[in-house]
Amino acid sequence: MTSVLEPTLGLLHDEAGRVDEELLPCRVNNPELWFAESPADVESAKALCQDCPVQGLCLDGALARREPWGVWGGELFLQGVVIPRKRPRGRPRKNEAA
Ligand code: SF4
């Protein structure tokens, strides 16, 4: 199953190259925020992505590539899938109460 419209990293780079780098939050802020350990920092990166002009393309590309880790297109990826939020270190896996 292949998609002719599959976003590629090259397409993302092309698109990002057309916009001013200063408009890309992950270029003008500390890029480590997008791969942060702290849940608060991850949420900050996700919020910063909301103002990015290539957010949709970035998210589509990350989904297509099944990014193993990091914030892409305003979403946190872990092992190729979007997860709602990062758990603090050392927490056992349990069902969270709402
Ligand atoms: S949407 Fe993608 S390119 Fe834009 S700031 Fe977020 S990670 Fe960077």
Exercise. Efficiency by 1/(1 + (r/R0)^6): what FRET value for ARG89 and ARG18, r their Cβ-Cβ distance, R0 = 41 Å, to the nearest 0.05?
Worked result: 0.60
Problem set entry | Added length on full extension, which subtracts the Cα-Cα distance from 0.36 nm per residue, ASP51 to GLU32 | 5.1 nm
Seminar exercise, completed: Shape descriptors of the range 9-83 over alpha-carbon atoms, Rg and Dmax in angstrom, are 11.4, 32
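Any read-out appearing in this document is the output of simple, stated calculations on the displayed coordinates, not a laboratory observation. No experiment lies behind these values; they were computed from the predicted model shown. In this analysis, Cβ positions are derived from the backbone assuming ideal geometry, glycine residues included, and neighbour counts consider all displayed protein chains.
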